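Encoded as structure tokens, the structure appears first; notes follow it.
The values are calculated or read from the model by the stated rules, or taken from the named source; none is laboratory data. Nothing here was measured: the structure is a model prediction, and the numbers come from that model. Here Cβ is always computed from backbone atoms with ideal geometry, including for glycine, and neighbour counts include all displayed protein chains.
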Amino acid sequence: MSKPTYYITTPIYYSSGSFHLGHCYTTVICDAIARFKRMDGFDVFYLTGTDEHGQKVQQKAQAAGVTPKQYVDKLYDQIVALWKTLNISYDKFIRTTDDYHEKTVQKIYEKLLQSGDIYKSTYEGWYCTPCESFWTESQLHDGKCPDCGREVKLQKEESYFFRLSKYQDRLIQFYEQNPDFISPKSRMNEMINNFIKPGLKDLCISRTTFDWGIKLPFDPKHVAYVWVDALTNYITALGYLQEDHALFDKFWPADLHMVGKEIVRFHTIIWPALLMALDLPLPKKVYGHGWLLFGNDKMSKSKGNVVDPFVLADRYGADVIRYYLLREIPFGSDGNYNNEALLTRTNADLVNDLGNLVSRTAAMVTQYFGGEIPQPNAYTEPDSELIALCEGALPKVRQYMDELSAPDALTETLRIVQRANKYIDETMPWALNKNGDKQRLATVMYVLCECIRFAATLLEPFIPQTSAKIFEKIGLPLPKDFAGLGRFGGIGQGVTVHKGDNLFDRIDIDKELKELDKLAEQAEPAEKSPAPDEQTEQISIEDFAKIKLRTAKVLGCERVAKSDKLLLLRLQVGSEVRQVVSGIAQHYTPEYLVGKTVVLVANLRPAKIRGVESNGMILCAADDKSVVFVSPEKPMDSGKEVR
Ligand code: MSP
């Protein structure tokens, strides 16, 4: 009989910065689920990847003086190394610059055009480049991006639109019929109240102001909106609309899209609507997990509060990080990271409970039975309690994993470990040995080894390296599934333990905290908060790249009423026309300026000057006596970049 399938995905990661511990959260959780499902008899496909197109990448690459492809290649290497370090067992890694993905996205756009779900119009509204998301005026918070709190930019460009509004009723109906589609439940209400109820607007799905993206086959000056490009990875990776679509046939629809809470709306509104338009089945569940906070703020490079997973993995090993993320952060809610909690949790659960149980047991089996695990004799109390605990563990852990609660699954598993440690104190094997009660001693050793076998099997999805080490120590092959957990008593005759090193070394918390603080001080500064001297004296190339300077041709010019200083200029900037107010009326006449080429600060926040809207600023040089505008040295078309 063929195995049931399970398709699980992480979001694909932006290739526009370095990766921090917060990023590891989604992937580590998915890895634990994927490993658990594999062990539990499912045919699993675990997908992850990188989101490599978009304006943000283009800007960062430009600032770094490399091509976008060179830029994303470097980040690709970084993230692959990170997932290797953390033992992430993905089945496929997709890059949105992969040829098959690009071609399929083009086919998807064609299909949507043919079905009438795409039309051409003009987009006018706000855009957050770091989040690559469009916002209406009323959705902004204090004029900033409601998701990340950063500056947004007024955008006006010819675009293709996806008829998202058409799917509003079908989406609501789908949510009603599938109440677990958006999890946890609170996120469903958030989506309905904040986005669906105010009414869905058609979505701008192409951009023309930059070119680092997938060109639309029917209008190549447009590139695909990066979120449509990104979301479709979940099906292009499986071969959708490609010659070999066996994986798609086998695994779609996805069982679980695991995502951070800030991107739930893309996955529960835009993505299902796109799938409806493509006439495809919808994913079974989108789970929006909480954030890893650091100092009560979302851990993120722009806030400068990141923790480097490579540093932690190097000092303590991957499983310490995995265990902390999976055990300590309440699933579905935000969790505050701090070094002390990491170290304390490691010492308590991994060093004291798990590490001690394994090393004490291995030492006793070695000392009392020459290393060979003895077969048990009659079980008595409290043996039966431990047997019941072990035999009842898998159904409970499975239930927790079905609810996607790794912390509960781990707590349940650690119960076996803690109970077994208590059992050593209760049965006092050293006394049994002293009294020559070898029969009881054999049973006690066997019960302990069995408890270790159960716990280590259940721990494999969460801390795989440690689980493998434990199996090596108790001399058993690493189990490939949970089949051995049905019945207590699975260790046969002739199994020999190998004491070896400790699983984990005890951490001197005070000393380590100081070390970690020192390392954090030496780490890279925040992306957006330059050091004080930089603020006053120097700016980085990235800072300079934030200023968008463009050539602009003066189409018309007039004086601003009741002002002797202000001129109102109408500027051609590429395909766009803008009005800008400039305080140069005492230095230039309107007639003189018409036809001239000036340099415009194109991404200045719009302002009202004397009641007149100004969308940018023209560059001028000034001394005590005069003000002169800056102009390219030779003729130059409007809308060209000045850098
Ligand atoms: N590229 C988009 C996803 C496109 S999916 C079609 C994106 N990328 S991301 O790199 O910003 O985020 C990747 C994952 O990391 C997301 O699930 C995000 O929520 C998660 N995290 C990033 N910082 C985080 C924390 N501080 N805490 C927990 N997870 C967070 O979004």
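Of the residues that sit in region 108-130 and are in contact (Cβ under 8 Å) with a residue 40 or more places away in the chain and among the hydrophobic types (A, V, I, L, M, F, W, C), which one is farthest from the ligand (Cβ to nearest atom)?
It comes out as 113.
Which residues, taken from region 280-301, are within 9 Å of the ligand (Cβ to nearest atom) and of a type in the set (Gly, Ala, Ser)?
Hits for region 280-301 are 288, 290, 300.
Could you identify the single residue in 287, 316 that is of a type in the set (Phe, Trp, Tyr) and over 30 Å from residue 241 (Cα atoms)?
Numbers: 287 fails: over 30 Å from residue 241 (Cα atoms).
The unique qualifying residue is 316.
Can you name every residue in region 231-256 that is touching a His at 6+ places or on another chain (Cβ under 9 Å) and either at positive phi or more than 16 Å from the ligand (Cβ to nearest atom) (or both)?
Across region 231-256, the qualifying residue is only 239.
For region 257-279, does any single residue satisfy the condition of being farther than 25 Å from residue 134 by Cα, out of contact with any His (no Cβ under 8 Å at 6 or more places or on another chain) and within 16 Å of the ligand (Cβ to nearest atom)?
No: region 257-279 contains no residue that is farther than 25 Å from residue 134 by Cα, out of contact with any His (no Cβ under 8 Å at 6 or more places or on another chain) and within 16 Å of the ligand (Cβ to nearest atom).
Look through 308, 314 and report the one residue that is outside the structural domain of residue 167 (by TED's automatic domain parsing), free of Cβ contacts under 8 Å to residues at least 40 places away in the same chain and either surrounded by fewer than 21 Cβ atoms within 10 Å (Cβ to Cβ) or more than 12 Å from the ligand (Cβ to nearest atom) (or both). So that I can check it myself, show each step before the final result.
Values: 308 fails: free of Cβ contacts under 8 Å to residues at least 40 places away in the same chain.
Answer to the selection: 314.
Just to be sure, is residue 30 surrounded by 23 or more Cβ atoms within 10 Å (Cβ to Cβ), modelled with pLDDT of 95 or more, closer than 29 Å to residue 152 by Cβ and hydrophobic (A, V, I, L, M, F, W, C)? Steps first, please.
Details: surrounded by 23 or more Cβ atoms within 10 Å (Cβ to Cβ): yes; modelled with pLDDT of 95 or more: yes; closer than 29 Å to residue 152 by Cβ: no; hydrophobic (A, V, I, L, M, F, W, C): yes.
The answer is no for residue 30.
Of 105, 66, which residue is over 30 Å from residue 400 (Cα atoms), more than 10 Å from the ligand (Cβ to nearest atom), more than 15 Å from the chain's Cα centre (by Cα) and buried (at least 22 other Cβ atoms within 10 Å of the Cβ)?
105
Within region 148-258, considering only helices (runs of 4 or more DSSP H) that don't extend past its boundaries, which have at least 3 residues that are among the aliphatic types (A, V, I, L, M) and closer than 22 Å to residue 15 by Cβ? Before the answer, list the steps.
Numbers: elements: 168-177, 185-191, 226-231, 233-236, 246-251.
Where helices (runs of 4 or more DSSP H) fall fully within region 148-258 and carry at least 3 residues being among the aliphatic types (A, V, I, L, M) and closer than 22 Å to residue 15 by Cβ, they are 226-231.
Can you tell me which residues in region 1-57 are more than 10 Å from the ligand (Cβ to nearest atom), within 25 Å of residue 313 (Cα to Cα) and of a type in the set (Asp, Glu)?
Result: 31, single match.
So which pairs qualify, if the first residue must be in region 288-304 and modelled with pLDDT of 75 or more, the second must be of a type in the set (Asp, Glu) and more than 7 Å from the ligand (Cβ to nearest atom), the Cβ gap must be under 7 Å, and the two must be at least 6 apart or on different chains?
The qualifying pairs are 290/334; 291/334; 293/334.
Which condition number does residue 281 fail, the rest of (1) crowded, with 21+ Cβ neighbours inside 10 Å; (2) at pLDDT 90 or above; (3) assigned to a loop (DSSP other than H, G, I, E, B); (4) not hydroxyl-bearing (Ser, Thr, Tyr) being met?
The single condition residue 281 does not satisfy is (1).
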